[in-house]
Structure formats: structure tokens, C-alpha cells
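Data first, discussion second: the structure below is written as C-alpha cells.
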Amino acid sequence: MNRKDAMDGKRIAVITGSTGGIGGAIADQLAASGWHLVLVNRNETKAQAQKADLQANHPSVAVETVTADLMDVEQIKAAAQTIVGLHPKIDLLFNNSGVLTSERVMSAQGHESNYAVNTLAPYVMTQGLRPALRSRNATAKSMIVNTTSSAQNAAKSLDTTTLSDPKDIGGLTGAYATTKLALTTMGTALSSELDADGIMVRSVCPGPVVTPMTKTSDAMPGILKLLVPLLFKSPDKQAAKMIHAAQIDSYRSQTGIYITNGKEKPLPSLAQDASVQAKLMAKLSEDSGF
């Protein structure tokens with residue numbers, strides 16, 4: 001794919017964590033609508049298999065894959081640089097990749113995995129792709145959708161001094177909840193300066209969805225795992241809500257908002273706290289180099 005192809009008028013969407021669950025459903029539905037897809041994943045074999053399936057089901061759609069470990073800041077930066085080099089204009093970014101684990105796994109830069117993937121990776125990808133997301137036309141804004149979680153409501157504080165290496169990882173309501181709250185806070189904190197560049201951002205929880213993560217993660221409470229087949233929705237159904245949230249004119253064309261299961265909800269109080277926002281942005285800048 002060359003620069004000429006990137007400038008042919010097609011809508012270009014970048015999706016992280018696209019090979020399974022809701023990311024896969026988002027990719028399939030965007031492909032069905034004619035979007036040009038750039039898929040960023042750690043597992044190249046799975047990504048190539050997904051690309052083949054997408055192109056078999058949607059022959060007219062272009063699909064590119066970029067390999068990067070979304071726990072590794074330097075690999076994310078390299079991936080973003082590659083994408084911007086190919087596509088000077090990007091219309092949509094789904095920061096979808098996520099981790100839910102109760103085990104302590106550290107990144108190459110020494111960050112705990114929940115923080116590295118759920119909070120820091122979306123920040124690095126956003127800043128890395130920002131030159132291409134920046135709108136050249138006041139009437140044609142771009143959109144960033146950060147996949148957050150209602151589990152953030154379990155987080156009672158957002159301590160940036162322990163965010164990247166918490167004392168306890170916990171389960172669904174531990175580091176996962178805190179790092180998803182941090183992601184929502186990040187979106188709100190960035191919304192004004194991104195809006196000045198013609199970029200909108202929304203924090204979106206898809207609602208309860210059946211994915212490999214919700215079915216098998218060691219961090220999911222046992223009782224909740226039993227309820228997954230009964231109460232959780234299919235990836236296809238919840239992905240449609242995510243894509244609706246990515247439309248510029250949905251939700252009264254607002255940016256910096258929180259949407260869960262298709263409905264706009266008030267932002268968590270911590271996400272609105274200017275002091276919390278400032279500390280988080282300083283932390284993300286320090287850990288990313290942006």
C-alpha cells in the first residue's frame with residue numbers, strides 16, 4: 001500500500017486488538033461498510049488469518065496488518081510511524097486492545113500489563129497517529145474511540161504513583177478497573193486539545209459481551225463467568241453500538257463523553273477532576289515520551 005492509495009478518498013480506520021472478540025466484530029462490520037482497515041495486533045499469524053477472512057467476505061475492501069506488542073511503548077511508536085507513513089489522513093481510531101488479568105506481568109519498559117495495555121498503549125497510539133488524525137477540514141472531523149469498561153466504577157481512587165506498578169493486581173475490580181478509569185480520564189483530559197485539531201474522542205464501554213477474555217480470564221469472578229452465556233451479548237450486537245458511538249453526528253456530536261451499552265452516562269467524578277487529570281497526563285507523558 002502506497003501513499004497514492006491512501007489518498008484515494010477511502011475512509012481509513014485503525015483498530016488495535018482486532019483478531020478476536022469485539023475487535024473482530026468491529027473490523028467485520030466496518031469492512032461491510034467499505035472502510036479501509038489497518039489492523040494492529042501482536043500475533044501476526046492470527047492477524048493474517050483475519051485479513052484473509054475479511055477479504056474473502058468483503059472482496060472490495062483493503063485490509064492491512066501491522067504487528068506490534070501493545071505492551072511495548074517502542075513497538076507502538078514504530079507501528080504508528082509506519083501507519084502515518086502510509087496514510088497521511090486517518091478518519092477513525094479504535095483503541096480496542098485490552099488486558100484483564102490478575103497475574104503480575106511487566107512490560108519491556110517495566111509497567112504492569114493492565115496499565116501498559118489498557119491506558120498507556122491508547123495514549124501512545126493516539127499521540128503517534130495524531131498527525132494523520134488531525135483534520136484538514138473543519139467539517140470533516142476524525143474520531144477516536146477508546147474501549148473502556150463499566151468496571152471503572154469499582155475504582156475508588158486514581159493514584160498515579162502506583163498506577164504502573166500497583167501493590168495488588170486484583171481481579172476485575174482491581175488494576176483492570178483502575179486502568180480503565182484512567183483511560184476514560186485520559187479521553188476527557190485530552191478532548192479539548194484534540195478538538196482544536198479537529199479530532200473527537202469518546203470513551204465507550206460496549207456493555208457485557210461474550211469474548212475469550214470474559215469467558216476465560218483468571219480475573220473474572222467465578223459467578224460472573226457462569227452468567228456470561230446467559231447475560232452477556234454477542235460481539236456482533238455490541239460492536240454495532242461501538243460503531244454507532246464512532247459516528248461524528250451521534251450523541252449530539254459531543255466529544256470527551258462516556259458511553260456505556262449504547263447510552264451516554266455521566267463521567268465518573270474522578271475523570272472530571274482537573275487535578276487527577278493533570279497528574280495522569282503528566283504520568284502518561286513521562287512514561288511514553290510524548
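Points worth noting:
- Candidate set: segment 257-275, residues that are open to solvent by 50 Å² or more (accessible area, probe 1.4 Å) and touching a strand residue (DSSP E or B) at 6+ places or on another chain (Cβ under 8 Å); chosen: the one modelled with the lowest pLDDT: ASN261
- Any hit, segment 165-188, residues being open to solvent by 40 Å² or more (accessible area, probe 1.4 Å), of a type in the set (D, E, K, R), free of Cβ contacts under 8 Å to residues at least 40 places away in the same chain and in contact with a helix residue (DSSP H, G or I) (Cβ under 9 Å, 6 or more places away or on another chain): yes
Table: residues versus (1) without any contact (Cβ under 8 Å) to a residue 60 or more places away in the chain; (2) more than 26 Å from ASP197 (Cα to Cα); (3) of a type in the set (Asp, Glu).
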| site | (1), (2), (3) |
| --- | --- |
| LYS233 | yes, yes, no |
| LYS241 | yes, no, no |
| THR255 | no, no, no |
| PRO266 | yes, no, no |
| ALA274 | yes, no, no |
| LYS279 | no, no, no |
| LEU284 | no, no, no |
| ASP287 | no, no, yes |
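- Members of segment 64-120 found to be of a type in the set (A, V, I, L, M, F, W, C), under 14 Å from the mean Cα position of the chain (by Cα), at pLDDT 95 or above and within 18 Å of THR179 (Cβ to Cβ), listed by number: LEU70, MET71, ILE76, PHE94, ALA116, VAL117, LEU120
- Which numbered condition LEU194 fails, given (1) buried (at least 20 other Cβ atoms within 10 Å of the Cβ); (2) within 15 Å of the chain's Cα centre (by Cα): (2)
- Residues of segment 148-164 satisfying the condition of being within 19 Å of GLN109 (Cα to Cα) and open to solvent by 40 Å² or more (accessible area, probe 1.4 Å): THR161, THR162
- Among residues of segment 79-97, those that are open to solvent by less than 40 Å² (accessible area, probe 1.4 Å) and more than 22 Å from ILE248 (Cβ to Cβ), counted: 4
- Where helices (runs of 4 or more DSSP H) fall entirely within segment 157-256, those with at least 3 residues that are modelled with pLDDT of 90 or more and farther than 17 Å from LEU92 by Cα are at 175-196, 235-245.
- Test result for ARG11, surrounded by fewer than 20 Cβ atoms within 10 Å (Cβ to Cβ), touching a residue at least 12 places away in the same chain (Cβ under 8 Å), out of contact with any helix residue (DSSP H, G or I) (no Cβ under 8 Å at 6 or more places or on another chain) and under 30 Å from ASP287 (Cβ atoms): no
- The lone criterion from (1) closer than 27 Å to THR82 by Cα; (2) out of contact with any Gly (no Cβ under 9 Å at 6 or more places or on another chain); (3) crowded, with 20+ Cβ neighbours inside 10 Å left unmet by LEU133 is number (2).
- Per the listing THR45, THR67, the residue uniquely of a type in the set (Val, Ile, Thr), out of contact with any Leu (no Cβ under 6 Å at 6 or more places or on another chain) and over 22 Å from GLY85 (Cα atoms) is THR45.
- Residues in segment 40-78 that are crowded, with 18+ Cβ neighbours inside 10 Å and of a type in the set (Asp, Glu) were compared, and the one that is nearest to GLN109 (Cα to Cα) is ASP72.
- Flag for PRO122 being open to solvent by less than 40 Å² (accessible area, probe 1.4 Å) and in contact with a Leu (Cβ under 7 Å, 6 or more places away or on another chain): yes
- Residue in segment 110-123 that is more than 18 Å from ASP165 (Cβ to Cβ) and in a helix (DSSP H, G or I) present: yes
- Residues of segment 35-58 satisfying the condition of being more than 20 Å from the chain's Cα centre (by Cα) and either in a strand (DSSP E or B) or under 23 Å from LEU129 (Cβ atoms) (or both): GLN48, LEU54
The values are calculated or read from the model by the stated rules, or taken from the named source; none is laboratory data. The model shown is predicted, which means the values in this text are computed figures rather than measured ones. Because the Cβ atoms are built from the backbone with ideal geometry, glycine has one as well, and the counts that use them run over all protein chains shown. Keep in mind that these areas ignore ligands, DNA and RNA; they rest on the heavy atoms of the full protein, side chains included. Shrake-Rupley method; radii C 1.70, N 1.55, O 1.52, S 1.80 Å.
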